[in-house]
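Data first, discussion second: the structure below is written as structure tokens.
The values are calculated or read from the model by the stated rules, or taken from the named source; none is laboratory data. Nothing here was measured: the structure is a model prediction, and the numbers come from that model. Don't worry about glycine lacking a Cβ; one is built from the backbone with ideal geometry, like all the others, and counts go over all protein chains shown.
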Amino acid sequence: MNPNKALWEKGDFTRIAATMRESGAALVQRLGIAKGLNVLDLGCGDGTTALPAAKLGAEVLGVDIARNLVEAGNRRAKEHGLANCRFQEGDASDLRQLPDQTFDLVVSIFGAMFAPKPFEVAKEMVRVTRPSGRIVMGNWIPNDPTLVAQILKISSSYTPPPPEGFVSPMTWGVESHVIERFAGGGVPAEKISFMRDTFMFHYPGFPSAFVDEFRKYYGPTMNAFEAADKNGRAADLQRELEDLFDSQNTSNRKDSTVIPATFLRVTVEL
């Protein structure tokens, strides 16, 4: 199996996505989506941004490599009565099933950044976007002090080194890399803009319980705990993550967790 597919079909990312709904909807509200706009949500998960876009009247196609997330997305669209939102399996680095210049807006929030072959990902996003259309990405930033970058950094310190040739998904959070990748798709640097933005995680429980959600349901953290278990270090990893979640929790209630995470918002104007 494709290792990327295996990673995101592992566990149940819908459990994590449930804590991201408010920020997903708020981000979509800022994208100027209007009725009838054709939108591709790439690496869409179960629809954290796809469903809000459809609720604004867009025709939305969600594409994700994980079959379980595609199935969950289609269930959620049906439950919300959104006939203008559908999900299908696909690989962000090879969208051969999608015709050229199909979409007015391509959105990928913490999705396509995890696909291998980043230059191919950029080319494919450009290819399926119409002239005068837009691409908007949300990418975690390497070494950022906030939640997700630190989860991934801590997790990687417990796992074996990646295979030769592996390109870290976190490089999508570096402006120069983004510019270089879209240049490979024919986009000049002046067509690309960047801003720092914030995603909020809302979990109805203690920070330690939120750590357990990542341990049980989030592929990268699951892999880290499996590796840590083999080395007798699972308790160390648990302690590091609990310290991280406790220190970043901004909730004024002891039995709830609210944590901000900074990301790089990329806008490409074609």
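Computed quantities for the displayed model
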read-out	value
Residue ranges of helices (runs of 4 or more DSSP H) in the range 16-129 with at least 3 members of a type outside the set (D, E, K, R), out of contact with any strand residue (DSSP E or B) (no Cβ under 6 Å at 6 or more places or on another chain) and buried (at least 18 other Cβ atoms within 10 Å of the Cβ)	21-29, 118-128
Residue that is nearest to residue 233 (Cα to Cα), among those in the range 176-190 that are surrounded by fewer than 16 Cβ atoms within 10 Å (Cβ to Cβ) and of a type in the set (D, E, K, R)	180
Among the residues listed as 205, 186, the single one being assigned to a loop (DSSP other than H, G, I, E, B) and farther than 30 Å from residue 132 by Cβ	205
Residue among 247, 193 that alone is of a type in the set (Gly, Ala, Ser) and either in contact with a helix residue (DSSP H, G or I) (Cβ under 8 Å, 6 or more places away or on another chain) or within 21 Å of residue 139 (Cα to Cα) (or both)	193
Some residue of the range 157-174 being of a type in the set (Asp, Glu) and either on the phi > 0 side of the Ramachandran plot or in contact with a Gly (Cβ under 8 Å, 6 or more places away or on another chain) (or both)	no
Contacts under 6 angstrom Cβ, first residue in the range 231-247 being part of a helix (DSSP H, G or I), partner surrounded by fewer than 16 Cβ atoms within 10 Å (Cβ to Cβ), 6 or more apart	242/208
Number of the condition not met by residue 91 [criteria: (1) touching a helix residue (DSSP H, G or I) at 6+ places or on another chain (Cβ under 6 Å); (2) within 19 Å of residue 3 (Cβ to Cβ); (3) not basic (Lys, Arg)]	(1)
Considering residues of the range 158-168 that are hydroxyl-bearing (Ser, Thr, Tyr) and under 10 Å from residue 227 (Cβ atoms) only, the residue surrounded by the most Cβ atoms within 10 Å (Cβ to Cβ)	158
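Rundown of residues vs (1) modelled with pLDDT of 95 or more; (2) closer than 20 Å to residue 114 by Cβ; (3) out of contact with any Asp or Glu (no Cβ under 7 Å at 6 or more places or on another chain); (4) outside any helix (DSSP H, G or I), yes/no style:
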{"residue": "164", "(1), (2), (3), (4)": "no, yes, yes, yes"}
{"residue": "180", "(1), (2), (3), (4)": "yes, yes, yes, no"}
{"residue": "222", "(1), (2), (3), (4)": "yes, yes, yes, no"}
{"residue": "251", "(1), (2), (3), (4)": "yes, no, yes, yes"}
{"residue": "263", "(1), (2), (3), (4)": "yes, yes, no, yes"}
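Table: residues versus (1) modelled with pLDDT under 95; (2) in a helix (DSSP H, G or I); (3) over 30 Å from residue 130 (Cβ atoms); (4) charged (D, E, K, R).
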{"residue": "155", "(1), (2), (3), (4)": "no, yes, yes, no"}
{"residue": "158", "(1), (2), (3), (4)": "no, no, yes, no"}
{"residue": "161", "(1), (2), (3), (4)": "yes, no, yes, no"}
{"residue": "193", "(1), (2), (3), (4)": "no, no, no, no"}
{"residue": "197", "(1), (2), (3), (4)": "no, no, no, yes"}
{"residue": "209", "(1), (2), (3), (4)": "no, yes, yes, no"}
